[in-house]
1. Any idea what the dipole of the chain comes to, in debye rounded to 20, about its Cα centre with Lys/Arg Cβ at +1 and Asp/Glu Cβ at -1?
2. Given the alpha-carbon gyration tensor of segment 23-85, what are the semi-axes of its equivalent ellipsoid in whole angstrom, ordered largest first, with each equal to the square root of 5 times an eigenvalue?
3. With +1 on the Cβ of every Lys and Arg and -1 on the Cβ of every Asp and Glu, and nothing else charged, how large is the dipole of segment 84-133 about its Cα centre, in debye rounded to the nearest 20?
4. Within 10 Å, count the other beta carbons around each residue, average over each peptide in 96-106, 63-73, and list them highest first.
5. Gain in length, HIS6 to ASN123, computed as 0.36 nm per residue apart minus the alpha-carbon separation, to one decimal in nm?
6. How big is the Cα convex hull of segment 64-133 in projection, averaged over all directions, in nm²?
7. Roughly how many percent of the accessible protein surface of the chain is carbon and sulfur, given a 1.4 Å probe and a whole-percent answer?
8. So for the chain, considering every pair of alpha-carbon atoms, how many percent are separated by more than 17 Å?
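The values are calculated or read from the model by the stated rules, or taken from the named source; none is laboratory data. Nothing here was measured: the structure is a model prediction, and the numbers come from that model. Cβ sites come from the backbone with ideal geometry, for glycine too, and all protein chains shown count toward neighbours. Quick note on the areas: whole protein, heavy atoms, side chains included, nothing else; ligands and nucleic acids left out. Shrake-Rupley method; radii C 1.70, N 1.55, O 1.52, S 1.80 Å.
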Amino acid sequence: MIIPQHIIEELIDQAKKDAPNESCGYLLGTSTEEGDIVTENYWMENIDHSSEHFSFAPKDQFAALRYARSKGLKILANWHSHPASPSRPSQEDLRLANDPTIRYAILSLLDGEPKLNSFKILNGEVVDKEVHL
């Protein structure tokens, strides 16, 4: 999955703004022969207002899906931040990653050095990792 630098910067800015709570949203884009290309960040409110986990409001998820479809885009990834932990899925992240068609991107702000990785998760196991930052 290709994430342009300006979108990575947008994720970092949003995560810093939402800290110490986790920030979250969807990465929208298109699939090409070269792979998935992210064209938009669709931020959503973390309704848990927590520094250790996140949840989307169902109405926000449906709005994101409607928006993506209206623009001819696909939901390529679910993303969230880890304000004080590494860019890797927690046990809860693995348990809740139930859509095998998307990637799960995690932006870490640990030690003031942002790191962004995305993961393909199947049956609660990471089967692929991509480093984006």
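1. 340 debye
2. 23, 15, 6
3. Once rounded to the nearest 20, the dipole reads 60 debye.
4. 96-106, 63-73
5. Using 0.36 nm per residue and subtracting the Cα-Cα distance, I get 38.9 nm.
6. 5.1 nm²
7. 50 percent
8. 55 percent
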